[in-house]
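One structure below.
The values are calculated or read from the model by the stated rules, or taken from the named source; none is laboratory data. Quantities reported herein were computed from a predicted structural model and do not represent experimental measurements. Glycine also receives a Cβ, built like all others from the backbone with ideal geometry; neighbour counts cover every protein chain displayed. Protein only, heavy atoms only, side chains kept; ligands, DNA and RNA dropped before computing areas. Shrake-Rupley method; radii C 1.70, N 1.55, O 1.52, S 1.80 Å.
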Amino acid sequence: MLWKAIAILLALLVTRHFVNLALLLGYHKTSLMNHWPGPCRTVPPVENGAEDIALTKSGLAIITSGIDINYRADATDPRISEAEGKLFAFDFNHPEKNAVELKFTGDFEFVPHGIGIWESADDGTFLFVVNHRRDAETIEIFKLSGTAAKPILEHVESVQDPLFTSMNDVVATGPRSFYVSNDGYLRYTVMRAVERLFNRPWGSVVHYNGKTARKVVDSAFEYNGMSLSRDGKFLFISCPFALSIAIYERSTDSNDLSFQQDIHVGTFPDNIFVHPGTGDLWIGCSPIGHRVFAAFGNLDNWAPSQAIRVRPLGTDAKPFEKFKLYEVYYDDAHLMSSSSSAVVVGNKLLVGSIVHKLVFCDMKTETNLPRDQY
């Protein structure tokens, strides 16, 4: 009798887990109404993803393209692995122009994912790119120079460490220092799917100080895109399988992190852009999770795309203790599939995707902020 009761309890727990997972992935949802903030267009020649976007102070967007998500057992469509890893540049000062591919020297496998940027008058401009080599996870550091019309990219070094397990995004804290998010532990194995299926908190956040790496968040489940607040006091991390943004308070002296709060956004958030003028969070999202995984299995199964803005209404100590959430862009796969990033300059919006196209929008509609506060 006891064993029967235990079996029934276990069956109920397993059933509840899979029901919750089905609800999380949005199997009960249907596509919402399309709405764009103004006229939008795709940006050639980006065709195989604009997973993450870094923005210079001059308005030059650097875009990662060609991520191979098969290493996490996320995808089965061979076209994803066949795409070549590239970096593109898009100039917000001339949005009528297309993106241009950035060439760089260096003999190494390049499968880019997240990207971060460091700019200072003393150091210059450096790009940090998550690279999923077949034999290792590395951060590639590039020096960016030249002009917006003719940017020059020089590979500086590759950083590797045993704590880089399954990196997703990178946030620079200096010309050679950075945070990385590990969205899991296992890679290149179907066991990664098991890790995700049973919500194993084997991910982490690691800080590299230019010489050594150490964990600053030791246990995390699917931590994804990251960004620092304007003053560097807070680190924002997207948690897609919790439909939320985690906020950590950061020590600018030690780079230690302490959890402050979660923001529930009700959608799958990916990369985060902090507006330099307002502090708003602009986030590329996937509103229906299971359709994203269906798109990974077959690129012809397009998934809807979404960009949201989170406006802080709290205090300096807790800026997002109160907030307002706005959906700025929703597209049911008319222009792009599986959005992952959103960057804004003035009233111009750039939305990137995981394995698909790049979209530019000239925002005309009001989003409850004066035009100069976008």
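The table that follows gives values for the structure above.
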| read-out | value |
| --- | --- |
| Flagged links, alpha-carbon separation over 22 Å, of Lys324/Lys364; Lys57/Lys233; Lys143/Lys357; Lys233/Lys322 | Lys143/Lys357 |
| Set of aspartates and glutamates near Lys103 by C-alpha distance (under 20 Å), chain-local residues within fewer than 8 positions excluded | Glu47, Glu51, Asp52, Asp68, Glu82, Glu84, Asp91, Glu140, Glu154, Glu157 |
| Principal semi-axes in Å for the chain [√(5λ), Cα gyration tensor, largest first] | 30, 24, 22 |
| Loop-exposed GluC sites (Glu not before Pro) per DSSP, neighbour cap 16 Cβ within 10 angstrom, longest uninterrupted part of the chain | 110-320 |
| Chymotrypsin sites (Phe, Trp or Tyr not before Pro) lying in DSSP loop within region 162-267, provided at most 11 other Cβ fall within 10 Å | Phe198 |
| Mean ellipticity per residue at 222 nm, deg cm²/dmol - from DSSP H runs of n ≥ 4 across the chain, formula -39500 (n - 2.57) | -3500 deg cm²/dmol |
| P(r) tail fraction, region 239-374 - alpha-carbon pairs more than 28 Å apart, % | 20 percent |
| Val156 accessible area, assembled protein chains, probe 1.4 Å, Å² | 70 Å² |
| 5 angstrom amide H check on Gly114, placed H, neighbours 5+ away | Val130 |
| Nearest-0.05 FRET efficiency for Asn34 and Thr147, computed from C-beta distance (R0 45 Å) | 0.75 |
| Accessible-area ranking of Phe104, Phe92, largest first, probe 1.4 Å | Phe104, Phe92 |
| Share of carbon and sulfur in the accessible heavy-atom surface of the chain [1.4 Å probe, %] | 55 percent |
| Contact order relative to length of the chain, as percent, for alpha carbon pairs under 8 angstrom and 6 or more apart | 17 percent |
| Range of Cα positions in region 176-304 per principal axis (Å), largest first | 46, 35, 26 |
| Contact order relative to length of region 225-373, as percent, for alpha carbon pairs under 8 angstrom and 6 or more apart | 16 percent |
| Most fluctuating residue given options Ala317, Ala83, Ala307, as computed from a GNM of the chain linking Cα atoms under 10 Å | Ala317 |
| Mean accessible surface per residue for the chain, computed with a 1.4 Å probe while every protein chain stays in place, in Å² | 44 Å² |
